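**Student:** Okay, here's the structure, questions in a sec.
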Amino acid sequence: MIFGENYRVREIELATRLARHTPVFALDHTPALRGLRPTIGEKLRLRVDLLRSPFEVLSEGQVTRFRMPIAAATGPTLNEGAAAINERHLQQALKRFDCDTVYLSTPFFFLPSKRRDYRIHFDVVDNFHDAWPATRVGRARREFHAEVLRRADSVSASSLQLCDYVQRLADRQPVYIPNGVPLAQIAAVDAATVDGIRKRFQLDGKFTVGFIANHTMPFDGMERLVRAFVQARSRRPELALLVVGPGAERAAAFSRGEADGVLVAGAVPPDEVAAWFAACDAGAHPQDVSPLTHDAMAMNPLEFSAAGKPVLSNPLKEFQRLALPNIQFTDDDSVAAWAAALADPSTFAPFDKPALASAIAAFDWERSAETLAGALGIAGEAPAPRPPSKRLLDIVHYERKPLADYHSIEKLFAGIRGAMLAHADVRVARCPEASRGVMPRLRNKRWASLAQGRVNHIVGDVHYLALGLDGDRTVLTVHDCVALRRTTGLRRALLRKLYFEWPVARARIVTTISQATKDELVTVTGCDPEKIRVVPNCVADAFQYSPREFNTERPLVLLIGTLPHKNLNRTVEALTPLQCRLHVVGRLSAVQRAMLAESGLPFENSIDLSGKQMANAYRECDAVGFASLYEGFGMPVIEGQATGRAVVTSNLAPMTEVAGSGACFVNPTSVESIRDGYERVFGDAEYRAGLIANGLHNVERFRPDAVAAMYLDIYREILG
């Protein structure tokens with residue numbers, strides 16, 4: 001059997017085990033392909049070197065490694081020519097080694113002849129071709145890849161996400177052969193070796209997070225992890241970070257080494273790797289969040305899991321779908337989110353170890369190799385392809401470029417996507433430029449046209465992207481019309497056209513987060529009300545009921561937001577005569593700080609809180625204040641209700657619409673009304689308990705599953 005082309009960990013593990021059944025000949029250009037080659041000159045040099053490679057046997061043994069000329073192509077006019085060259089060379093290798101079976105993995109340029117005298121199995125290990133933009137080159141590569149999948153005698157995929165990708169790309173069901181771990185080797189780890197590692201790095205008394213630095217590429221997230229770890233260690237001094245692998249030395253560039261608790265082990269012998277997993281208390285998987293990493297089955301989390309360790313990972317779709325009990329996810333892929341998670345001891349809390357042991361058994365390399373042997377027809381029974389997925393595929397969420405203090409929409413839809421995961425595969429397309437000025441917006445519009453899916457959903461704030469999308473496949477979510485209230489004259493007229501009238505007219509379906517926003521949008525744009533659906537915001541799963549004894553002596557009031565319409569000044573004036581404390585979340589201006597200091601109220605201020613930190617702020621307060629003058633929705637209302645806190649909010653829509661009967665309503669323009677509301681909440685325990693009970697009942701309609709279902713119905717409508 002010919003095995004090729006990238007002879008790396010997955011291929012080595014599978015080939016070594018398949019060699020028990022049949023001779024294996026591995027096409028190995030791995031050294032030439034390793035590492036990034038960012039310049040055009042280096043890429044051209046690589047292609048020439050591969051094509052000029054001699055046909056030679058590199059080593060013989062259980063698996064015979066060989067090399068042969070390979071043609072690589074990227075342009076649509078060269079794909080089939082390169083594939084024809086590769087097939088001719090491959091047929092020569094088949095004759096030389098007396099083989100009739102070929103295993104290939106992406107992204108090799110090979111298109112088997114429709115009439116052939118050999119069997120070919122195609123293994124999809126990433127969505128390399130699908131990651132190209134919707135240019136002429138990108139479309140040609142995807143179609144080429146799809147045709148390879150259609151012509152192959154059998155197809156497998158290394159992750160659940162990639163199984164769906166094959167179905168979407170080529171309408172074919174692959175065999176699920178996941179990446180794995182050497183379970184027997186990890187279970188038989190030598191305790192003395194583990195003790196030696198811990199003594200060498202003086203790990204006793206430390207909580208050691210392990211990171212395997214094998215990729216030596218920017219997407220592995222090492223810089224993110226190390227910088228976050230240094231921040232977290234200032235709050236949690238017992239932390240240590242142990243970096244293992246050939247790329248470990250790069251960690252020194254992002255820290256002061258052992259002075260920051262970052263311990264570099266470097267490359268270790270393959271037969272000792274299992275001991276390094278065992279020597280750590282937890283594992284980290286900080287790979288960038290991208291289509292490639294979402295869909296791939298990374299091995300490091302599985303290896304730490306096989307060693308029975310908790311793992312902290314970026315929120316990657318594949319591991320969210322697997323739902324292993326020991327893997328926790330950061331809020332996002334920012335350094336701040338990682339630092340908050342590392343500093344929080346609950347991140348690595350105890351988990352159900354028997355459940356993990358049962359789940360991880362499915363990822364043994366032995367099992368995966370036997371499944372592949374059956375698929376290839378060389379041993380055992382042929383496995384059944386994975387049943388067709390019922391998930392909605394190729395949905396795109398368009399997001400703005402992240403800015404400090406402006407990420408509430410992104411956090412909201414991250415939660416909605418999590419609830420959709422079992423039902424839809426949603427790809428995030430994040431604007432390359434901030435929406436400031438004419439040219440950045442034009443470039444964003446052009447970029448958006450190249451990132452389209454079967455359904456395009458603009459989730460907020462970059463409405464103008466609709467002008468570059470196929471309107472019949474586009475959903476536009478409008479959160480509010482506050483921008484029009486802040487502008488006048490020509491600027492307001494342009495904003496009205498570019499952000500509201502034209503995008504609303506272009507999109508097939510428009511959603512608003514409240515009836516109040518829908519009514520205002522109809523007034524602003526003249527849109528047919530039937531085109532607009534009300535789909536509310538959802539409350540994140542982090543906000544759960546947490547009973548707390550009310551502090552009657554000096555209650556703590558949580559105030560969310562510091563922009564002018566959040567009405568902080570009137571709220572503080574109303575609370576000044578009352579015996580209470582304040583926790584203000586949001587960036588305070590110098591004037592606001594002076595006003596708070598003059599009030600004499602004890603206060604603390606927080607900014608850029610993670611999801612967990614925000615949920616904790618709600619748990620630690622006695623009441624939530626949100627007497628806003630204008631909102632598109634009013635998230636603090638339902639976040640406070642979900643936590644089980646009394647909420648004081650405005651008697652204006654949409655707050656009245658959102659809160660139901662679970663809030664104390666006040667006139668936000670009247671200091672006296674605001675003060676009266678707080679006095680009643682502080683002093684009337686029965687009234688307060690009623691608000692909390694009603695709020696807990698009300699918030700169920702805003703849970704992620706309920707909101708995700710509403711969006712899924714809209715996507716199905718567009719897909720027909």
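Just so it is clear, none of the values below were taken in a lab; they were calculated from the coordinates. From a predicted model like this one, the values you see are computed outputs, not experimental measurements. Glycine also receives a Cβ, built like all others from the backbone with ideal geometry; neighbour counts cover every protein chain displayed.
**Student:** At a threshold of 8 angstrom on Cα-Cα distance, excluding pairs fewer than six apart, so keeping six or more, what relative contact order does the chain reach in percent? Could the numbers behind the result be given before it?
**Tutor:** Working: 1377 pairs, mean separation 58.4, N = 720.
8 percent.
**Student:** Report the calculated FRET efficiency for ALA422 and ALA379 (r = Cβ-Cβ distance, R0 = 30 Å), to the nearest 0.05. All intermediate terms of the calculation are to be shown ahead of the outcome.
**Tutor:** Working: r = 34 Å, r/R0 = 1.13.
Using R0 = 30 Å, I get an efficiency of 0.30.
**Student:** Let me ask something else about it. Can you run phi through the Karplus equation (6.51, -1.76, 1.60; θ = phi - 60°) for segment 463-471 and list ³J(HN,Hα) in whole Hz, with x for Gly and Pro?
**Tutor:** My calculation for segment 463-471 gives 4, 4, 4, 4, 5, x, 10, 6, x Hz in order.
**Student:** Could you tally the net charge around PHE207, taking each other residue with its Cβ under 14 Å from the Cβ of PHE207, Lys/Arg +1 and Asp/Glu -1?
**Tutor:** On the way: positive: ARG198, LYS206, ARG233, ARG235, ARG236, LYS309; negative: ASP204, GLU238, ASP281, ASP344.
Spelling it out: positives minus negatives among the neighbours equals +2.
**Student:** Still on this structure: Of all DSSP beta bridges located in the chain, what percent are antiparallel, nearest 5?
**Tutor:** Values: 4 of 82 bridges.
So the antiparallel bridges amount to about 5 percent of the total.
**Student:** Using 7 Å Cα-to-Cβ label points, what is the PHE219/GLU258 separation (nm, one decimal)?
**Tutor:** 3.5
**Student:** Nearest 0.05, what FRET efficiency do LYS401 and ALA493 give at R0 = 30 Å with Cβ-Cβ as r? Display every interim value, and only then the final one.
**Tutor:** Numbers: r = 25 Å, r/R0 = 0.84.
Given R0 = 30 Å and the Cβ-Cβ separation, E is 0.75.
**Student:** Please state the charge dipole magnitude for segment 556-702, taken about the Cα centre, from unit charges on C-beta atoms (+1 on K and R, -1 on D and E), reported in debye and rounded to the nearest 20.
**Tutor:** Details: 12 positive and 15 negative charges, 52 e Å.
I would put it at about 240 debye.
**Student:** Ok, one more. Using unit Cβ charges (K, R positive; D, E negative) and no other charged atoms, how large, in debye to the nearest 20, is the dipole of segment 392-534 about its Cα centre?
**Tutor:** The dipole of segment 392-534 has a size of about 500 debye.
**Student:** Any of LYS317/LYS612; LYS43/LYS317; LYS411/LYS445 with alpha carbons more than 25 Å apart? Name them for me. Mind dumping the intermediate values first?
**Tutor:** Values: LYS317/LYS612 20 Å; LYS43/LYS317 31 Å; LYS411/LYS445 23 Å.
Flagged as over cut-off: LYS43/LYS317.
**Student:** Nothing charged except the Cβ atoms of Lys and Arg (+1) and of Asp and Glu (-1): what's the magnitude of the dipole of the chain about its Cα centre? Round to the nearest 20 debye. Walk me through the intermediate numbers first.
**Tutor:** Details: 86 positive and 82 negative charges, 438 e Å.
Dipole size: approximately 2100 debye.
**Student:** Separate question: For ALA646, list long-range residues whose amide hydrogen, built 1.01 Å from N in the peptide plane, is under 5 Å from its own amide hydrogen.
**Tutor:** Sorted by chain and number, the residues that satisfy this are VAL624.
**Student:** Highest first, please rank the peptides 350-356, 640-646 by the mean number of other Cβ atoms sitting within 10 Å of their residues.
**Tutor:** Working: 350-356: 12.0, 640-646: 27.3.
By packing density, highest mean first, the sequence is 640-646, 350-356.
**Student:** Moving on to the next point. Enumerate the amide H contacts of ALA26 below 5 Å, restricted to partners 5 or more residues apart or on another chain; note that Pro and chain-start residues carry no placed amide H.
**Tutor:** Amide H to amide H, under 5 Å and 5 or more residues apart or across chains, ALA26 pairs with PHE3, THR64, ARG65, PHE66.
**Student:** Now for a different question. Please label the shape of segment 292-413 as rounded, prolate or oblate, based on the square roots a ≥ b ≥ c of the eigenvalues of the alpha-carbon gyration tensor (a/c under 1.5 means rounded; beyond that, a/b larger than b/c means prolate, else oblate).
**Tutor:** oblate
**Student:** Using the scaling law 2.2 N^0.38 Å as the reference, what is the normalised Cα Rg of segment 604-720? Mind showing how you got there, number by number?
**Tutor:** On the way: Rg = 15.8 Å, N = 117, 2.2 N^0.38 = 13.4 Å.
Output field value: 1.18.
**Student:** Here's something else I'd like to know. Where the centroid of each part is defined by its Cα atoms, how far is segment 399-434 from segment 555-621 in Å?
**Tutor:** After rounding, the separation between the Cα centres reads 27 Å.
**Student:** Give, as a single signed number, the net charge of other residues whose beta carbon lies under 11 Å from the beta carbon of PRO704, with Lys and Arg counted +1 and Asp and Glu -1. Mind showing how you got there, number by number?
**Tutor:** Values: positive: ARG417, ARG703; negative: ASP541, ASP705.
Within the 11 Å Cβ shell, the charges total 0.
**Student:** Could you state the angle between the C-alpha long axis of helix 590-599 and the longest principal axis of the C-alpha atoms of the chain, as a value from 0 to 90 degrees rounded to the nearest 10?
**Tutor:** So the inclination is approximately 50 degrees.
**Student:** What list of ³J(HN,Hα) couplings, whole Hz, do you get for segment 547-553 from phi and the Karplus terms 6.51, -1.76, 1.60, once you set θ to phi - 60° and write x for glycine and proline?
**Tutor:** After applying 6.51 cos²θ - 1.76 cosθ + 1.60, I find x, 8, 6, 5, 7, 6, 6 Hz.
**Student:** Right, something else. Cα centroids of segment 296-360 and segment 258-295: how far apart, whole angstrom?
**Tutor:** One Cα centre to the other: 13 Å.
**Student:** For helix 40-51, what angle does its Cα long axis make with the longest principal axis of the chain, in degrees from 0 to 90 and rounded to 10?
**Tutor:** 30
**Student:** Show me, for segment 561-568, the HN-Hα J-couplings you get by feeding each phi into the Karplus relation (A = 6.51, B = -1.76, C = 1.60, θ = phi - 60°), rounded to Hz, glycine and proline as x.
**Tutor:** Values per residue, Gly and Pro as x: x, 10, 5, x, 6, 6, 6, 4 Hz.
**Student:** Still on this model: Amide H neighbours of ARG533 under 5 Å, at least 5 residues apart or on other chains, H built in the peptide plane: list them.
**Tutor:** Here the answer is VAL510, THR511, THR512, since their amide H atoms fall under 5 Å of that of ARG533.
**Student:** Please report the net charge: other residues with Cβ closer than 10 Å to the Cβ of GLY221, K and R +1, D and E -1.
**Tutor:** Details: positive: ARG224; negative: ASP220, GLU223, ASP288, ASP333.
Surrounding charge for GLY221 is -3.
**Student:** So, by mean Cβ neighbours within 10 angstrom, what's the order for 390-396, 238-244, 93-99 with the highest one leading? It would help to have the intermediate numbers written out before the result.
**Tutor:** Numbers: 390-396: 18.6, 238-244: 22.6, 93-99: 14.6.
Sorting 390-396, 238-244, 93-99 by mean packing, highest first, produces 238-244, 390-396, 93-99.
**Student:** Another question, if that's okay. Where does helix 365-376 land angle-wise versus the long Cα axis of the chain, in degrees 0 to 90, nearest 10?
**Tutor:** 60
**Student:** At a Förster radius of 56 Å, what calculated FRET efficiency corresponds to the Cβ-Cβ distance of GLN91 and THR552, to the nearest 0.05? Could the numbers behind the result be given before it?
**Tutor:** Values: r = 85 Å, r/R0 = 1.52.
Efficiency at R0 = 56 Å is approximately 0.10.
**Student:** Which of the GluC sites (Glu not before Pro) across segment 371-422 are loop residues per DSSP, with 11 or fewer other Cβ within 10 Å? Kindly include the intermediate steps, with their values, before the conclusion.
**Tutor:** Values: sites: GLU381, GLU399, GLU410; in loops: GLU381.
Passing sites in segment 371-422 are GLU381.
**Student:** For the chain, what is the mean residue ellipticity at 222 nm derived from helices alone (per DSSP H run of n ≥ 4: -39500 (n - 2.57); sum divided by total residues; nearest 500 deg cm²/dmol)?
**Tutor:** On the way: 30 runs with 293 residues, N = 720.
Computed ellipticity for the chain at 222 nm equals -12000 deg cm²/dmol.
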